[in-house]
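A quick write-up on the structure given underneath.
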Amino acid sequence: MKYDFKSIEQKWQKIWDEKDLYAAKNDYSLPKFYPLVEFPYPSGQGLHVGHPRSYTALDIVARKKRLMGYNVLYAMGWDAFGLPTENYAIKNHIHPEIVTKNNVANFKKQLKSLGLSFDWSREINTTDPDYYKWTQWIFIQLFKKGLAYKKEMSVNWCTSCKVVLANEEVVNNACERCGSEVVRKVKSQWMLKITEYAERLINDLDEVDYVERVKVSQKNWIGRSSGAEVTFKTTAGDDLLIYTTRPDTLFGATYMVISPEHPMVDKWKDLIGNFSEVEKYREEALRKSDFERTELVKEKTGVRLDGVMGINPVNGKEIPIFISDYVLMTYGTGAIMAVPAHDDRDWDFAKKFSLPIITVVAGGNAEEAAYTDCAEGEMVNSEFLNGLSVAEAKEKIIAYLTEEGIGKEKVNYKLRDWVFSRQRYWGEPIPMVNCPDCGWVPVDEKDLPLTLPDVESYQPTDNGESPLSTIESFVNTTCPKCGKAATRETDTMPQWAGSSWYYLRYCDPNNDSALASKEALNYWGPVDWYNGGMEHTTLHLLYSRFWHKFLYDIGVVPTKEPYAKRTSHGMILGENGEKMSKSRGNVVNPDDIIEEFGADTLRIYEMFIGDFEKAAPWSVSSVKGCKRFLERIWSLLDILTEGEEYTSDLESLMHKTIKKVSYDIENLKFNTAIASLMSLLNAVSDKGSINKAEFKTFMLLLNPFAPHITEELLQLAGFGVLAEECKWPEYSEEKCKESTLVIPVQINGKLRSKLSVSADKSEEDIINMALSDEKVAEFIAGKTVLKKIYVKGRLLNIVVK
RNA sequence: GCGGGUAUGGCGGAAUUGGCAGACGCGUUAGAUUCAGGUUCUAAUGGUCGCAAGGCUGUGCAGGUUCGACCCCUGUUACCCGCACCA
């Protein structure tokens, strides 16, 4: 009989669907397991072969856990708001809702053809008003707690998308999505105060099981540094507040630098002798993009403010003040003290402007370079700090500054607040009303969802306002508080909003009185295992952790962290080793692979392709190899014999394979799990027969990877049950052991012989056997045996001279 | 520049975490089956010397620790990813 994958896969997908086999049970007494994969943006291009890598991996975990008796919630949905859909709608004059609907239908068909065991009854869509009702509800809660606020600010404006971008979405001063130039523009924006959670977002990483590189990138993104804020007096009378991570070096501060945007520059206009020069520099700096600023990294620029001097608070010395674009208004206080002896940037700057360099930590050579890595050094030239270590000096100076009232310990973060407004149509309307008397008032919660109005044109306006601003019936409303005429906010939310809490909705997707019931959240939360791409490890992960923590604070969710475990898969590259893209012409369409080789082959291949966490290039011939493996599995039917127990020559291998596959699935080592199943197949082929007990175990081990063919084979072999009704095979540690061992014998670390011994032989026996072994004897003849090292069951090394 | 990572056959990758390097798969070669192509089967396959038994050598490079190093330490090179003067 031929392996007809097409009809087999269709048959079983239909059966699974009809039996609703993978629906998570609402029986909260069962042990639960909640795996999660990032829900896709349903783009017009359809599924990419990268998607199934993640989905199949956790599908394997989900299927295994079900066989182990867990109640598993594995669900899928659509992160469907977003620019590409809107742009497509504008271009083709089709409502984004229709575009979304079509794309979703296509994605769903594709996902189903992969045989993924999603609970489709829990499907969600961020553009569904029943869903975004709760996205809006969360926003209102944030507003009520003072975590959403409006701010007039200079924002990144994409000249092509005509939209404000978050800092995080700007890459090299170009728009992350379209690559166009980004310029600065002042707008009033809704902001979310994620910075208030910075400390907890770092600290609570200790409580979760994330792969290390993900933790590191979260920490770097938040960027905590601890130091001190110090007040410097000036000859102008005004104070300058600076931030430093090295307050211990205060005696080495020989000048100050403030950001060109610093408000004092204007305030001192009349005092500054060279103001026209200063103004010119400032204009240049403002015009420069961040990218240009970075390109100038080698050469420091700046202008001294003539007529104003800073005063070092610890020794009263007057020091010059400069403006320079290497100091950013957006970080710290926008002003620094410069210690050229112990900071590279300050050193470069001091050299260029011939400023004094005072060493305050002994050990370096201030003439050649800044001595920055000086934690071990001893303080010098620092009056009451002399002789102390850097750490002691830090402590003492902070105590001194605090006592004198001129400074205090201070922690800073690179993390900035989240720009939450988008001037686009295809997003969740921000549910706020601007009342001339009451100010910003949230829409009454009972009036949620505030739905997107139906419009003709989604074109963004040239002045940068949202398309919603042109719809009077939407804009004009009454104040929910006082009832007077008022206007609505017309900006919409960013795509990150809907994806920040979707995993909560899966727990209870149809609830219309809460985002999910308490019982459901208590039972399912937190997500046990979340897998996704490395590209989402800073933004999406950080935003959703922030929202989750907020929801925890207001008593909505029971856990501090949303995801107990987070892993990341590597990218699938084109056959040429480059990133898959249309322009490179190396895109592989999963539909074609399924059509030609079948879903099981695609699943096996994507899991076998290499280290799950690393990028791997596509290879058509390897796909064929995986198909060949399944063909050989299929022909096991021809050599199937009766038998209720494992046969003695396969018993140990069966147990070892169960152990290996079980371990590997839990540890992201799908490639070696498959390799061990291939080895088992080779052993069975060599033997020429497989009995029913062995066959059943084999099929169950393979089932999570290749569910269709294994269901079919189990049925054909007369088991007559769904894999789902079976138990995951168990192994015994005792039976993994072989009765005879092969002990390699080394002489001076070089392999010289191998001994085949029964497993119960003692160390002494083995050494004696080795010494009388022909080859060993040859190599030790005429030499003195110095040492015999025996590693139990592993190896024997004889050291001779 | 900073942070993280990687380097193993012709290719993708294994190596129980200091104990037989190259599992498993692809590719290649030879043979069998086939009218032929494909499929399937059998065998070989890091390099090198050798008719062979076997020897030597081999995990980016240079050292070191160890009975023993792909694995640990020091230095170095190349590449990939992230961040961009964060005081």
TODO: Please give the contour-minus-distance gain from A:Ser226 to A:Arg416: 0.36 nm per residue of separation, less the Cα-Cα distance, rounded to one decimal in nm.
DONE: 66.8 nm
TODO: Rounded to the nearest 0.05, what FRET efficiency do A:Thr159 and A:Glu535 give with R0 = 35 Å and r taken as the Cβ-Cβ distance? Could you check?
DONE: 0.90
Open item on the list: Quick check on packing: order A:655-661, A:603-609, A:500-506 by the mean number of other C-beta atoms within 10 Å, highest mean leading.
Closed with: A:603-609, A:500-506, A:655-661
TODO: Find how many whole Å separate the alpha carbon centroid of the range A:351-373 from the alpha carbon centroid of the range A:748-801.
DONE: 62
- [ ] Compute the label zone of A:Phe384 within the range A:215-240: residues whose backbone N is under 20 Å from the point 7 Å along Cα-to-Cβ.
- [x] A:228-233
Open item on the list: Residue by residue through the range A:228-235, what is 3J(HN,Hα) from phi via Karplus (6.51 cos²θ - 1.76 cosθ + 1.60, θ = phi - 60°)? Round to whole Hz and write x for glycine and proline.
Closed with: 8, 9, 10, 8, 9, 7, 10, 6
Open item on the list: For the range A:676-739 and the range A:199-250, what is the centre-to-centre distance using only Cα atoms, to the nearest Å?
Closed with: 55
TODO: Any of A:Lys108/A:Lys624; A:Lys660/A:Lys787; A:Lys624/A:Lys754 with alpha carbons more than 28 Å apart? Name them for me.
DONE: A:Lys660/A:Lys787; A:Lys624/A:Lys754
Open item on the list: For a test of the definition: using alpha carbon positions, the gyration tensor, and the 1.5 limit on a/c, classify chain A as rounded, prolate or oblate.
Closed with: oblate
Task: Cβ-defined net charge surrounding A:Thr402, 10 Å radius [Lys, Arg +1; Asp, Glu -1] - done: -2
Open item on the list: I want to check the label-to-label distance for A:Asp437 and A:Gln459. Put each point 7 Å from Cα in the C-beta direction and report it in nm to one decimal.
Closed with: 4.0
Task: Cα→Cβ-extended label distance, 7 Å offset, between A:Ser685 and A:Lys484, nm - done: 8.3
Task: ³J(HN,Hα), Karplus 6.51/-1.76/1.60, whole Hz, each residue of the range A:520-526, x for Gly, Pro - done: 5, 5, 5, 6, 7, x, x
Open item on the list: Could you give the length gained by full extension between A:Glu519 and A:Val211, i.e. 0.36 nm per residue of separation minus their alpha carbon distance, to one decimal place?
Closed with: 107.9 nm
Open item on the list: Skipping prolines and chain starts, which residues have an amide H placed within reach, meaning under 5 Å, of the one on A:Trp440, given they are 5 or more residues away or on another chain?
Closed with: A:Cys435
Task: Placed amide H near A:Thr333: partners under 5 Å, 5+ positions off or other chain - done: A:Tyr243
TODO: With label points built 7 Å along Cα→Cβ from the Cα atoms of A:Ser648 and A:Lys91, find their separation and express it in nm.
DONE: 7.1
- [ ] For the range A:91-132, just say rounded, prolate or oblate: build the C-alpha gyration tensor, square-root its eigenvalues into a ≥ b ≥ c, call rounded for a/c under 1.5, and beyond that prolate if a/b exceeds b/c, oblate if not.
- [x] oblate
Open item on the list: Less than 16 Å apart at the alpha-carbon level, and either on another chain or at least 8 residues along: which aspartates and glutamates does that give for A:Lys280?
Closed with: A:Glu261, A:Asp266, A:Asp270, A:Asp306, A:Asp325
- [ ] Quick one: of A:Lys32/A:Lys150; A:Lys65/A:Lys560; A:Lys656/A:Lys761; A:Lys91/A:Lys215; A:Lys133/A:Lys565, which pairs are farther than 30 Å apart, Cα to Cα?
- [x] A:Lys32/A:Lys150; A:Lys91/A:Lys215
Task: FRET efficiency for A:Arg794 and A:Glu734, using Cβ-Cβ distance with R0 set to 25 Å, rounded to 0.05 - done: 0.85
Task: Nearby lysines by direct alpha-carbon distance to A:Lys351 (threshold 19 angstrom, same-chain neighbours under 8 apart not counted) - done: A:Lys298, A:Lys300
TODO: Go through the range A:321-333 residue by residue and turn each phi into a ³J(HN,Hα) via Karplus (6.51, -1.76, 1.60, θ = phi - 60°); whole Hz please, and just put x for glycine and proline.
DONE: 10, 10, 10, 7, 6, 7, 9, 9, 5, 7, 10, x, 10
Open item on the list: On a full-extension model of 0.36 nm per residue, what is the gain between A:Leu786 and A:Ile767, subtracting their alpha-carbon distance, rounded to one decimal in nm?
Closed with: 5.5 nm
Task: For peptides A:760-771, A:519-530, A:52-63, sequence by mean Cβ density within 10 Å, most packed first - done: A:52-63, A:519-530, A:760-771
- [ ] Just order A:665-678, A:214-227, A:14-27 by mean Cβ neighbour count inside 10 Å, highest at the front, would you?
- [x] A:665-678, A:214-227, A:14-27
Task: Assigned charges on the beta-carbon of Lys, Arg, Asp, Glu; chain A dipole about Cα centre (debye) - done: 960
Open item on the list: For chain A, what does the relative contact order come out to in percent, with C-alpha contacts under 8 Å and a separation of six or more?
Closed with: 14
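Coordinate-derived values only; no laboratory data. From a predicted model like this one, the values you see are computed outputs, not experimental measurements. FYI the Cβ positions are ideal-geometry reconstructions off the backbone, even for glycines, and counts take in every protein chain you see.
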